[in-house]
Amino acid sequence: MCGIFGVVSKKSIDKRKVKVIAKHAQQRGKDSSGLVVVSSSDMNILKADFDIMSLFAKANLDGARFVAGHSRLITNGHSDNQPVITDDIIVIHNGIIVNEDEIWSKVKTQRTLSIDTETINALVADIINSGESTDLIPSRVLGASKGVVACAVILPKLGRAYLFSNNGSLYVGTHEDANYFSSEKYPLEVIGCENIAQVFGDAAVWEFSVVNSNFQTQEFKEVRDDLVPGLVLKHSQEKLLEYEHPHLHRCSKCILPATMPFIKFDENGICNYCHSYRKRNVPKPSEELYKLVAPYRKAGGEADCIVPFSGGRDSCFALHLIVNELKMKPITYTYDWGMVTDLGRRNISRMSSILGVENIIVAADITQKRLNIKRNLQAWLKSPHLGMMSILTAGDKHFFRHVETVKKQTGIGLNLWGVNPLEVTHFKTGFLDIPPDFESKKVYTHGVLNQFRYQAKRFAAMSHSPGYFNSSLWDTLSGEYYRSFTEKSDYYHLFDYWRWDEGVIDKTLLGTYDWEKAPDTSTTWRIGDGTAAFYNYVYYTVAGFTEHDTFRSNQIREGDISREEALELVKDENKPRYPNIRWYLDVLKLDFDEVINVVNNIPKLYFK
């Protein structure tokens, strides 16, 4: 996924303006970049495995009449960078095509790269080689592709570029004698464009003149480790992952075990978590939400709400409801902090394309974020503490910060969240010796006193392994500040007004949207999160339960499933997810055997 941008002008382009929109494209990812530069006399293509602004420093824009480029977030690897060039077809593409194998089985062109974007080149080549009109390119590509397609197809010999999109993540505008395009509307507004229009379905066609359509390609590479290494699974390593079924004393009503922090049982074997439980999945009338969002609705099909969108099942189903039930026009927002899996990205692409919803991505510095996680995990391995597992996911809390960025850039105030009301995991703070707050109605810890207590306990645990006091600390604390302390306005939770029903959600996502499940687990929960398999393995290995046990226990208390059903479900859901754990440790550049052996040797909280 990436940000794409470009300009065509009758005279030399305004370098400052094109760099402004390129700088904004970098917000979507800066792991690699590419440029197409056309002047009146020649044409050059540049590719780099570094950010777009650094690439501009190597490009000659003097006399350029046409420039198109991208700034890319690494997904399936960086060996096949954009622009993708085959013969005389140049493509820059934002999105993920999820049916690439199907497309390759139908086209005549042979595949040469691993990047999904090449399917667009192949579809275009078939049109050109058959002698059909190139004006068929947009409809033919969009008709064949599943997943987000927002792209520019550049045909230098014809002096023509086609700009088209199936989800609206593409805008065009004019300024003086130049036309600009961008993945988002905001940067076009910044440079003063007029007549800004969203490209949705129908194509914008640009023409440019080039004396010499032959081009040179320059590639710039830095010496760095692969951000997304190829995953090579080893059966011998998988055997290292323990999966015993300890005979734990469990609550006679739910399935929480005696190793759950602060758990107590009465004379009937029922735990205090059950006694203190107040039903959470009891929504208010949905009519109330219709009334709340009414003032935010905009005429003329303009976007009227922001939907934080992780690609997980709850945010995906929330988007389905917002479009089909609330009949609103959302823009989704995704924060990629380096632990969003490719599966999660593909499901984002599926949902966005089918529902025709623009997706704005804000990408962190992936290399730095993963280095932060690595440092904290290394510190944890020196002094394992279950209460410190949450620091491994601290970097994702800037999700809450950047939703405000997107609101400002789009001018949209309303944001609708799809937070599952049953995802309450008291044990994560319980292992820090913080008792559960049974009265809280929120999924996340809020309040100044609660946060000070939490941070004090955590800093005490950190003192046992000085490695925690590293450069990631500010990122951790600032992220949690934005989550827990900043005031949130025009902010509603969809499942406060719609009952959360796992059966309905799974049936809708899998049936209507061909939603993709993970190959290493039966559950649809947490499959887009690259961290979950590892931390759940740690919890299960040491304490004999995971967040699946707490979630299923909440479902029992809600009357959604029986205790017997819950026990059967967690038997499968708690199995170690070797491919996901291996991917996690690979991207952190940590040795699988060493890490898992440390985890396996942590003293158990139960007797075998």
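The values are calculated or read from the model by the stated rules, or taken from the named source; none is laboratory data. No experiment lies behind these values; they were computed from the predicted model shown. In this analysis, Cβ positions are derived from the backbone assuming ideal geometry, glycine residues included, and neighbour counts consider all displayed protein chains. Remember, those area values only see protein heavy atoms, side chains included, never the ligands or the DNA or RNA. Shrake-Rupley method; radii C 1.70, N 1.55, O 1.52, S 1.80 Å.
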Q.
Please pick out the residue among A533, A543 that is within 26 Å of F317 (Cα to Cα) and surrounded by 15 or more Cβ atoms within 10 Å (Cβ to Cβ).
A. A533
Q: Would you mention how many residues in segment 449-483 are crowded, with 19+ Cβ neighbours inside 10 Å and either touching a Phe, Trp or Tyr at 6+ places or on another chain (Cβ under 7 Å) or under 30 Å from K291 (Cα atoms) (or both)?
A: 2
**Q.** Selected residue (only one of N597, N574 is more than 21 Å from the chain's Cα centre (by Cα), farther than 27 Å from V340 by Cβ and polar (S, T, N, Q))
**A.** N597
Q. Does at least one position in segment 562-573 carry a residue that is of a type in the set (D, E) and closer than 18 Å to M388 by Cβ?
A. no
Q: Please state which of the following conditions W583 fails to meet, knowing it meets all the rest: (1) in a helix (DSSP H, G or I); (2) at pLDDT 95 or above; (3) out of contact with any Pro (no Cβ under 7 Å at 6 or more places or on another chain).
A: (2)
Q. Looking at this structure, is F262 in contact with a helix residue (DSSP H, G or I) (Cβ under 7 Å, 6 or more places away or on another chain), at pLDDT 95 or above, open to solvent by 60 Å² or more (accessible area, probe 1.4 Å) and not β-branched (V, I, T)?
A. yes
Q | Residue list for segment 334-369, filter: within 22 Å of D51 (Cα to Cα), open to solvent by less than 20 Å² (accessible area, probe 1.4 Å) and part of a helix (DSSP H, G or I) | A | R345, I366, K369
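Going by the structure shown, is K507 more than 20 Å from G387 (Cα to Cα), modelled with pLDDT under 95 and open to solvent by 50 Å² or more (accessible area, probe 1.4 Å)?
no
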**Q.** Which numbered condition D304 misses (of (1) in contact with a Pro (Cβ under 9 Å, 6 or more places away or on another chain); (2) over 26 Å from E287 (Cα atoms); (3) of a type in the set (D, E, K, R))
**A.** (2)
Q: Scan segment 410-424 for residues that are open to solvent by less than 30 Å² (accessible area, probe 1.4 Å) and of a type in the set (S, T, N, Q) and report the count.
A: 2
**Q.** Enumeration of residues in segment 136-155 that are touching a residue at least 24 places away in the same chain (Cβ under 8 Å) and farther than 17 Å from F5 by Cα
**A.** I137, P138, L142, A144, S145, K146, G147
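Do we have A394 as open to solvent by 30 Å² or more (accessible area, probe 1.4 Å), of a type in the set (A, V, I, L, M) and farther than 30 Å from R297 by Cβ here? Working first, answer last.
Numbers: open to solvent by 30 Å² or more (accessible area, probe 1.4 Å): no; of a type in the set (A, V, I, L, M): yes; farther than 30 Å from R297 by Cβ: yes.
It is false that A394 is open to solvent by 30 Å² or more (accessible area, probe 1.4 Å), of a type in the set (A, V, I, L, M) and farther than 30 Å from R297 by Cβ.
Residues checked against (1) in contact with a strand residue (DSSP E or B) (Cβ under 9 Å, 6 or more places away or on another chain); (2) under 19 Å from L381 (Cβ atoms); (3) modelled with pLDDT under 95:
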site	(1), (2), (3)
D529	yes, no, yes
A533	no, yes, no
V542	no, yes, no
T546	no, no, no
L569	no, no, no
P576	no, yes, no
V595	no, yes, no
V598	no, yes, no
Q | The lone exception for N554 - which of (1) surrounded by fewer than 21 Cβ atoms within 10 Å (Cβ to Cβ); (2) touching a Phe, Trp or Tyr at 6+ places or on another chain (Cβ under 8 Å); (3) closer than 23 Å to Y273 by Cα it fails | A | (1)
Q | In segment 63-82, the residues that are under 17 Å from the mean Cα position of the chain (by Cα) and at pLDDT 90 or above | A | S71
Q. Which members of segment 83-109 meet the condition of being of a type outside the set (V, I, T) and at pLDDT 90 or above?
A. P83, H93, N94, G95, N99, E100, D101, E102, W104, S105, K106, K108
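Name the one entry in R401, R458 that is over 26 Å from the mean Cα position of the chain (by Cα) and either at pLDDT 90 or above or assigned to a helix (DSSP H, G or I) (or both). Let's see the steps before the verdict.
Numbers: R401 fails: over 26 Å from the mean Cα position of the chain (by Cα).
Checking each option against the conditions leaves just R458.
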Q. How many residues are modelled with pLDDT of 95 or more, in a loop (DSSP other than H, G, I, E, B) and closer than 17 Å to V504 by Cα if we restrict to segment 292-333?
A. 1
Q) For residues in segment 1-12 being of a type in the set (A, V, I, L, M) and open to solvent by 10 Å² or more (accessible area, probe 1.4 Å), which is modelled with the highest pLDDT? A) V8
Q.
If N376 satisfies all but one of (1) touching a strand residue (DSSP E or B) at 6+ places or on another chain (Cβ under 8 Å); (2) assigned to a helix (DSSP H, G or I); (3) not acidic (D, E), what's the number of the condition it fails?
A. (1)
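Applying the selection to segment 563-574, what residues are open to solvent by less than 40 Å² (accessible area, probe 1.4 Å) and either without any contact (Cβ under 8 Å) to a residue 40 or more places away in the chain or in a helix (DSSP H, G or I) (or both)? Write out each step before concluding.
Taking segment 563-574 and keeping what is open to solvent by less than 40 Å² (accessible area, probe 1.4 Å), we get 566, 570, 573-574.
Answer for segment 563-574, where residues must be open to solvent by less than 40 Å² (accessible area, probe 1.4 Å) and either without any contact (Cβ under 8 Å) to a residue 40 or more places away in the chain or in a helix (DSSP H, G or I) (or both): A566, V570, E573.
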Q.
Under 6 Å between Cβ atoms, which residue pairs at least 6 apart in sequence (or on different chains) link something in segment 363-381 that is under 17 Å from W474 (Cβ atoms) with a partner that is of a type in the set (F, W, Y)?
A. A364/W337; K369/W337; A379/Y468
**Q.** Residues being in contact with a helix residue (DSSP H, G or I) (Cβ under 6 Å, 6 or more places away or on another chain) and at positive phi - total across segment 338-384
**A.** 1
Q: Those residues that are more than 22 Å from the chain's Cα centre (by Cα) and aliphatic (A, V, I, L, M), I need them from segment 487-534; list them, please.
A: V504
